[in-house]
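K.L.:
Please find one structure pasted underneath; my questions will follow.
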Amino acid sequence: MSKRSKLYLSGSALVLATSMIVGCGSNGGSVSSPNSPTIQYGQVVTFGADAPICDVESFIATITSANLVPQGGGTAVPLVSSSAPATIDFGRLTDFTNILATSSSVPVGTYSQLTLTLTNPQIVALNTSTSPPSPLPIPATLTATNFTITISPPLVVAANTTTGLTFDFNLRKSVQVGSTGQVTGTVDPKITLTPNTLSGSTVGEADSLYGVVQSVSTTSPPSGFTGSFMLTVADGTGQTFTVLTDSSTVFEGDGVTGLTNLTANTFVEVDAIVNTSGQIIAQTVDAEEQTSPSSQKAALMGKIISVTRDGSGNATAFTLLVNDEVPSLNGTIPLHSGLSVTLSANTKYFTNWQHWNRAAFTFSPQTLGVAEKVALYGTLGSGASPALAAGHVFLRPRNVLGNFTALQAAGSDGKTGGFTMVPCGGLFGGNPITVITYSDTDFDGVAGLINLTPAPTLNTRGDLFYEQTSGKTASGASWTAPTWVMQARQVHQLPN
């Protein structure tokens, strides 16, 4: 399937999902009474998208109301009300796809607008002038709070079927910066809403759906499926989804080879599709470690902002900028804080999205580096600022924003090869990185490798390794160590 039916959202935004389905059934169909005509319903899956901005780690705002407006007038359909506001970190929408809301029953019809009210903006940027880099809260101001957003083309909701809608909050255009690129704190929200285009029976893809497994079932699954598991997203306050598996689902991670040995309380990261029946179908399940709020066992996810190495170049410790915790340990480890992490000979290393590690890089103390995104598990120390002794480190896919500088190789298919780019993120220090591409890398906004130019900005997504050994692929892409190497699932040329 095409990898482009996407929206960039992290699991934390699923707080909105709960609000969006309040007061609505989840199965579609129709409702009637003796004195009123039959009302038919369809299902809408709401996804989110974003264009990232360098070194902004978090932009939080509260949606106090959101209403779908029928074309030509009529009664608006409330999605969020002031009695149940939704607070979202839009800064987490920049990397990969997730599900914002599923099976929201909406009266059949055509909807041309969404009215929206935003309040309480908060920004956290990354200050790379300190050692180690540090989170920098910035006072934020919205240029407006009430918005009427056109859905283009209008959203058509049909009876007994699921339709996709992409909510695109363009952080790159919304967060204002000064003449030297510094974040000013002024936010002028740029939001677009677009109905998804079907790919066969697929409404959209969620390639970073993450949370904690509640239960697993292989008993009497729907026809064509091998079983399912219940997944509570984010920190346990979001929705619980039923995720189906089939014979094509790939299981990866620490000792989990299939649905039969996936157990409750396991933290998982899932690449899934949603179909027109509203079913969530797992393509890949990265099963990581067991979690327990009472035992302070959680997945700590974030970005590596500093590394300590021994004389052989092996990482012995690092600082993690904590961007998410599943389940929440916020009382012990505040979000957007720096966490000291120690590594030992017993620490285990894993790579998510193994399908995209085609250069067969090994994630290890040698290739663990600054700017990588990871999920950690281990033992917390005591005291006011406890350190974590890491037992398991999972390398997570991430995006890298920057500019093309040189083509290294391009095969006859226009996609296989590689190029050099300079990331804009301060953690890269202005140093170039190598991006390796393949025949199935998704080029979006640009036809292929030979069409890349120094401007506009590129957003690449995939597996990022810090390599301390120089090398070259069979297709001709090369790197001189030490440097970062991205194996790209997508190369997106962003509009100016």
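The values are calculated or read from the model by the stated rules, or taken from the named source; none is laboratory data. Keep in mind that this is a model prediction, so the values were computed, not measured. Neighbour counts are summed over all protein chains in view; Cβ atoms, including those assigned to glycine, are modelled from backbone coordinates with ideal geometry. Quick note on the areas: whole protein, heavy atoms, side chains included, nothing else; ligands and nucleic acids left out. Shrake-Rupley method; radii C 1.70, N 1.55, O 1.52, S 1.80 Å.
K.L.:
Going residue by residue through segment 417-428, is there one that turns out to be out of contact with any His (no Cβ under 6 Å at 6 or more places or on another chain), surrounded by fewer than 21 Cβ atoms within 10 Å (Cβ to Cβ) and on the phi > 0 side of the Ramachandran plot?
P.N.:
no
K.L.:
On to the next question. Has segment 436-443 got at least one residue that is on the phi > 0 side of the Ramachandran plot and either acidic (D, E) or modelled with pLDDT under 95 (or both)? Before the answer, list the steps.
P.N.:
Narrowing segment 436-443 to residues on the phi > 0 side of the Ramachandran plot: none.
Scanning segment 436-443, I find no residue that is on the phi > 0 side of the Ramachandran plot and either acidic (D, E) or modelled with pLDDT under 95 (or both), so the answer is no.
K.L.:
Here's something else I'd like to know. Which residue out of T276, T263, T257, T284 is open to solvent by 20 Å² or more (accessible area, probe 1.4 Å) and under 20 Å from the mean Cα position of the chain (by Cα)?
P.N.:
Testing whether each residue is open to solvent by 20 Å² or more (accessible area, probe 1.4 Å) and under 20 Å from the mean Cα position of the chain (by Cα) leaves just T284.
K.L.:
Now for a separate question. Got a number for residues in segment 123-133 being surrounded by 17 or more Cβ atoms within 10 Å (Cβ to Cβ) and either in a strand (DSSP E or B) or at pLDDT 95 or above (or both)?
P.N.:
Qualifying residue count, segment 123-133: 4.
K.L.:
Something else now. Quick one: is A359 assigned to a strand (DSSP E or B) and not polar (S, T, N, Q)?
P.N.:
Answer is no for this residue.
K.L.:
Sticking with this one: Does G224 fit the bill of being in a loop (DSSP other than H, G, I, E, B), at pLDDT 90 or above and open to solvent by 20 Å² or more (accessible area, probe 1.4 Å)?
P.N.:
yes
K.L.:
Considering only segment 90-122, how many residues are at pLDDT 80 or above and more than 16 Å from I149 (Cβ to Cβ)?
P.N.:
8
K.L.:
Separate question: Suppose we keep only residues that are open to solvent by 30 Å² or more (accessible area, probe 1.4 Å) and under 13 Å from L376 (Cα atoms) within segment 287-305. Which one would you say is nearest to the chain's Cα centre (by Cα)?
P.N.:
My answer is E289.
K.L.:
Let me ask another. Pairs under 7 Å by beta carbon, first residue touching a residue at least 40 places away in the same chain (Cβ under 8 Å) and open to solvent by 30 Å² or more (accessible area, probe 1.4 Å) in segment 343-368, partner among the charged types (D, E, K, R) and in a loop (DSSP other than H, G, I, E, B), six or more apart or different chains?
P.N.:
Pairs found: F350/D254.
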